[in-house]
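The values are calculated or read from the model by the stated rules, or taken from the named source; none is laboratory data. Note that this is a predicted model, so its numbers are computed, not measured. Every residue, glycine among them, receives a Cβ derived from its backbone with ideal geometry; neighbour counts consider all protein chains shown. Just so you know, the surface numbers come from the protein's heavy atoms only, side chains and all, with ligands and any DNA or RNA stripped out. Shrake-Rupley method; radii C 1.70, N 1.55, O 1.52, S 1.80 Å.
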Amino acid sequence: MEFYRKHVLVCGGGGCISSGCIKVKDRLLNKIEEMNLSSEIKVIITGCMGPCHLGPMVVIYPDGVLYTKVTPEGADKIIQKHLFLGEIVEELLIKDSNGTPIICKDENPFFAKQVKIALRNVGLIDPTNIEEYIAADGYRALAKVLFTMKPEDVIEEIKKSGLRGRGGAGFLTGLKWSFTAKAKGSPKYVLCNADEGDPGAFMDRSILEGDPHSVIEAMAIAGYAVGSNQGYVYVRAEYPLAVERLKHAIEQAKERGLLGKDILSSGFDFDIDIKVGAGAFVCGEETALIASAEGKRGEPRPKPPFPANEGFLGKPTLINNVETYANICPIILRGADWFSGYGTENSKGTKVFALAGKIKNTGLVEVPMGTALGEIIYDIGGGIPGGKKFKAAQTGGPSGGCIPQKYLNTPVDYESLKELGTIMGSGGLIVVDEDTCMVDFAKYFLQFVQDESCGKCAPCRLGTKRMLEIMDRITRGEGKEGDIERLIELGEIIKETALCGLGQTAPNPVLSTIKYFRDEYEAHIKYKKCPASVCASLFNSPCQNACPAGVEVPLYINAIRMKDYEKAVSIIRENNPFPAVCGRVCNHPCESKCRRAQIDEPLAIRALKRFAADYDVKNPHLPVVKKAKGKKIAVIGSGPAGLTAAYYLALEGYSVTVFEALPIAGGMLAIGIPEYRLPKDVLKSEIEYIKSAGVEIHLNMALGKDFTIENLKYQGFDAIFIAIGAQKDIRLDIPGNELYGVYSALEFLKKVNLNEYIDIGKKVAIIGGGNAAVDAARVALRKGAKEVNVFYRRGPDEMPALPEEVKDAIEEGVKLHFYTAPIRIIGEGGRVNGIEVIRMKPADFDENGRRRTVPIDGSSFSIKVDNVIFALGQQVDLGAIKVPKGMSITIDKETMETSIPGVFAGGDCVSGPSTVIEAIASGRKAAISIDKYLGGNMYEKKSYYPRTADYEIYEEHRNRCATFKLKAQERINSFKEVELTLEESAAYEEACRCLRCDVKQNEEGGVEYAKSYN
């Protein structure tokens, strides 16, 4: 036997093969030979190691060092540095969230929570070498069975283990074996179902490619237990590598007397042959598989009789899938009690999943049954890439259903998934994020099932076709009232009447998405809107669709490209009267949907809006107002929602009066956003523009104090819009929060913005992680604080503040402390002089999919501070509002009308704290509803623009324009605006990056016109 100093394992899974692992292996071999190291180092191609996103992968043993994304050049470095000099090649190591290299494979979070039973050898041994399998206890279980156990003992051990079939239905494996053993008839057959047809699933393929002998040995054990001498592996032709390795393994087993006649001189005969299928999805169903294996058309048949009594060639047949067989040998060797020690009461052992979709760490994972879905997705899968939000996970493939974010704590086992309306299936786990349309997602799986239907039974053949037709209509914007109910009715009928399990579960994706995402179906049908910006028939462009106000982004960007800045601002103002404000403080959801990101980076849409708006400030023009209608409207609150409603109603000719409780107009824009982000003169300019449309603003007029709803009606106002915002602070109820020097963020920012005195010391603690927290921290520095610490109870990825604002704060010297929370404020003489904080750790998930945190015992610490500022959000304060009895800020979702006719409400006082652009959208919607209530026709109006792109569209990589900012030291000494306006040349170059996703051809080949809907 040859001994080697190092073993170099190269992942040979499908993902690594496609990313170039063979070239890496060849380079390793050539370089090793060049350096005369062939006698010391052995290179082995293994099966799939698991994390496909890291391929090609190389592991060095006995060191256990994992190198990722290895190129042929990287292979040279591994040989020269690691294998020759004994030095780690750090650049090829994966890094944790803090940027620290992870050297050993077992320290990688992807592997840390896994328990490998079915995949025990996959990625560790050479699958083409039977000696390596034998060295890993291979064929010991078969020997144990043949020489120390009776067939009934084997079956009893499998029963005791609680192993359930891993192919989908989860039937108890030992029970199935006992049925076949007791069945009358001869010969009996053992079949392995390797017809893995679920989209995104590759568990069985990886086992066959990486550890084929584990299946062969288990099938032989099954043959001994049920009285069979012949086995067949039914595998799809699309798995050529699996077929090749399985054939090779069968030949090796026969050569060594482990298959064929008189195995191990025990008197037991068992042989295995391969049946290669054409890849029909329906052949995953056991009776259809049997028909196909017999050379017939792959169609299911009614049961009973079950295959255990009448299966292959009409004889008793045992069928299990690849993963089920892969669990057999460890159970025999280590015992049923050991196996059942993993999992839950009714779902024992582990389960292999193929993680795919919108997740950072894709690949194969094996975890104990009952592991929480959130642990699989976040602890092993690494969470969602690009800072996106998790939306749902599809289990069970086309036969399964989706699990939304509120169920991330669900243990993944057979019973729990069934309760949620889905199934375990073979183990496909597809993760989707906020950019996925659940209607389109369900349609994809329904299309797959319809295409794959064998057509034998009418419910599946015709029922799924009718469902698909409805789904197709909905995604084209042609959905009708009642379509959801029709889908549910059809789905339930198919579930009850289809012939086979695949047909019976075909409606699951549609039914589960309706159950959990009905609002998306309603948006498609009722409002002709795809919230995820996927169904292209329902919007002009993804950016316009993502904007809550529906601003025609591509059109104003094109106007900027044409250097027609007045037109650009005019297009923006059709839906948003605050272009300069939003050009500075908008959270820019449009950029998150920009298709340009698929090439390089999203367009700097907010910066372009600001550029055009700043030009307009210097070159103003008056709004065009219609003839006076002779009707009066009162707006309560001069925040973005109130002023937006006032502006659009004034344009229609209404006499609009705004009542504001503060001494300054603008609401939260004026008191809640620091001047270095939103200069006072910019806000004033936009408010003056709104006033130029005829809007009157009365300051220091508070609802409930200076006037009431009844007063306004008495004064002759025909309609009233309440937009008072959410300006009541939330404080943490901890000891010391009454001390002098404790503020809320809104109180602090308000005093600063109104130039009122505020006592700020040298050391300030901020509690929170949103924009208000970051704003308060940066303002504290500008007010003279020398040290500002922000304490946030979650991690950096969950911080809700805008990333660019967080980055700026760090540059200015703000210190961020994650996973920390205050437990008391320390005082002396009635004034703050310190704060006690405790460290937190991630726990389970809340209903919004965010991770809760819990304190770490004994981890508290104190720091000296002069002030504590709570930035935990705001809520609506209705306590001081005197409204008629029976009225509430509960509105009709469609009309925004309250319980009193003619009184409407919107913005934060209805929705709770929201973004500026969401408040603007709410105000515009209210204006349209109020106008309709008063007999107007704003709701019918549409603006038409030609959509043309008669210039070159740049699809090659082009860098996003840089936005310039003041230097950090210059910033913290004043309230000067931090971000600067783009230069005209930069704005032009950036506008030219637009892909013009809005330009579409109609059926005649012409260009469609833009429709700007109210």
> For the chain, with only Lys/Arg (+1) and Asp/Glu (-1) charged at the beta-carbon, what is the dipole magnitude about the Cα centre, in debye rounded to 20?
Replying inline: 1360 debye
>> I'd like to check one number: the per residue accessible area of the range 803-961, probe 1.4 Å, reported in Å² as a whole number.
In response: 51 Å²
> Zone of LYS247 (label point 7 Å along Cα→Cβ, backbone N under 16 Å): which residues in the range 115-139?
Replying inline: 128
> Taking the simple approach of a point 7 Å from Cα along Cα-to-Cβ for both ASP137 and ILE274, what is their distance in nm?
Replying inline: 2.8 nm
>> Among VAL551, ILE514, LEU502, which residue has its Cα furthest toward the positive end of the charge dipole of the range 491-584, with +1 on Lys/Arg Cβ and -1 on Asp/Glu Cβ?
In response: VAL551
>> Nothing charged except the Cβ atoms of Lys and Arg (+1) and of Asp and Glu (-1): what's the magnitude of the dipole of the range 575-639 about its Cα centre? Round to the nearest 20 debye.
In response: 560 debye
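Quickly rank 124-130, 836-842, 244-250, 508-514 as a protection proxy: mean count of other C-beta atoms within 10 Å, highest first. Numbers along the way, then the final one.
Numbers: 124-130: 21.1, 836-842: 17.7, 244-250: 19.3, 508-514: 26.6.
Ranking the peptides 124-130, 836-842, 244-250, 508-514 by packing returns 508-514, 124-130, 244-250, 836-842.
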> So how many Å³ per residue does the convex hull of the Cα atoms of the range 655-773 work out to?
Replying inline: 143 Å³
>> Would the range 555-669 count as rounded, prolate or oblate if I go by the C-alpha gyration tensor, calling it rounded below 1.5 in a/c and otherwise prolate when a/b exceeds b/c, oblate otherwise?
In response: prolate
> Taking only protein heavy atoms and a 1.4 Å probe, what accessible area per residue, in Å², does the range 351-422 have with all protein chains in place?
Replying inline: 27 Å²
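Sequence gap at least 6, Cα distance under 8 Å: using those rules, report the relative contact order of the chain to the nearest whole percent. Don't skip to the answer; put the middle values down first.
Working: 2211 pairs, mean separation 85.1, N = 1014.
It rounds to 8 percent for the chain.
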> Using alpha carbon centroids, what distance separates the range 361-393 and the range 900-931, in Å?
Replying inline: 38 Å
> What full-extension length gain, to one decimal in nm, is calculated for ALA536 and GLU492 as 0.36 nm per residue of separation minus the Cα-Cα distance?
Replying inline: 12.9 nm
> How much length is gained on full extension from THR895 to LEU699, taking 0.36 nm per residue of separation minus their Cα-Cα distance?
Replying inline: 67.8 nm
> How large is ³J(HN,Hα), in whole Hz, for each residue of the range 653-658 in order, when computed from phi with the Karplus curve 6.51 cos²θ - 1.76 cosθ + 1.60 and θ = phi - 60°, using x for Gly and Pro?
Replying inline: x, 7, 8, 10, 10, 9
> To the nearest 0.05, how large is the calculated FRET efficiency for ASN409 and ILE856 if R₀ is 25 Å and r is the Cβ-Cβ distance?
Replying inline: 0.75
> Share of antiparallel DSSP beta bridges in the chain, in percent to the nearest 5?
Replying inline: 45 percent
>> Explain nothing, just compute: Karplus ³J(HN,Hα) = 6.51 cos²θ - 1.76 cosθ + 1.60, θ = phi - 60°, for every residue of the range 987-992 in order, whole Hz, x for Gly and Pro.
In response: 5, 4, 4, 5, 4, 6
> How much length is gained on full extension from LYS254 to TYR444, taking 0.36 nm per residue of separation minus their Cα-Cα distance?
Replying inline: 64.0 nm
> Looking only at Cα atoms, what is the convex hull volume of the range 772-909 per residue, in Å³?
Replying inline: 198 Å³
> Relative contact order for the range 6-58: what is it in percent, counting Cα pairs under 8 Å that are at least 6 residues apart?
Replying inline: 63 percent
>> Which of rounded, prolate or oblate describes the range 115-237 when judged by the alpha-carbon gyration tensor and an a/c cut-off of 1.5?
In response: oblate
>> Tell me the label only: which of (i) 1.09; (ii) 1.27; (iii) 1.01 is Cα Rg over 2.2 N^0.38 Å as calculated from this structure?
In response: (i)
> Peptides 902-914, 391-403: what's the order by average Cβ count within 10 Å, highest mean first?
Replying inline: 391-403, 902-914
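Mind putting a number on the dipole of the range 115-267 about its Cα centre? Charges go on the C-beta only, +1 for Lys and Arg and -1 for Asp and Glu, and I need it in Debye to the nearest 20.
Rounded to the nearest 20 debye, it is 660 debye.
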> For the charge dipole of the chain, defined by +1 on Lys and Arg C-beta atoms and -1 on Asp and Glu C-beta atoms about the Cα centroid, which residue among SER186, PRO127, CYS283 has the Cα displaced farthest towards the positive pole?
Replying inline: CYS283
> For the chain, what does -39500 (n - 2.57) per DSSP helix run (n ≥ 4), summed and divided by total residues, give at 222 nm, in deg cm²/dmol to the nearest 500?
Replying inline: -10000 deg cm²/dmol
>> I'm checking a number: the convex hull volume of the Cα atoms of the range 1-158, normalised per residue, in Å³. What is it?
In response: 129 Å³
> Considering only protein heavy atoms and a 1.4 Å probe, what is the carbon-and-sulfur percentage of the accessible area of the chain?
Replying inline: 50 percent
>> Sorted from largest to smallest, which semi-axis lengths in Å does the alpha carbon gyration tensor of the range 525-621 give for its equivalent ellipsoid, taking the root of 5 times each eigenvalue?
In response: 23, 15, 12
> From the phi of every residue in the range 14-28, what ³J(HN,Hα) in whole Hz does the Karplus formula 6.51 cos²θ - 1.76 cosθ + 1.60 yield, where θ is phi - 60° and glycine or proline is x?
Replying inline: x, x, 6, 4, 5, 9, x, 5, 5, 5, 5, 4, 4, 5, 4
>> Quick check on the range 124-194: take the gyration tensor over C-alpha atoms, sort the square-rooted eigenvalues as a ≥ b ≥ c, and tell me if it's rounded (a/c under 1.5), prolate or oblate.
In response: prolate
> Once the dipole of the range 430-503 is set up with Lys and Arg at +1 and Asp and Glu at -1 on Cβ about the Cα centre, which of CYS460, ALA442, LEU487 lies farthest towards its positive end?
Replying inline: CYS460
> What relative contact order, as a whole-number percentage, does the range 759-826 give when Cα pairs under 8 Å and 6 or more residues apart are counted?
Replying inline: 36 percent
>> Going Cα to Cα from LYS69, which lysines come in below 18 Å? Please leave out same-chain ones fewer than 8 positions away.
In response: LYS23, LYS25, LYS77, LYS81, LYS95, LYS105, LYS360
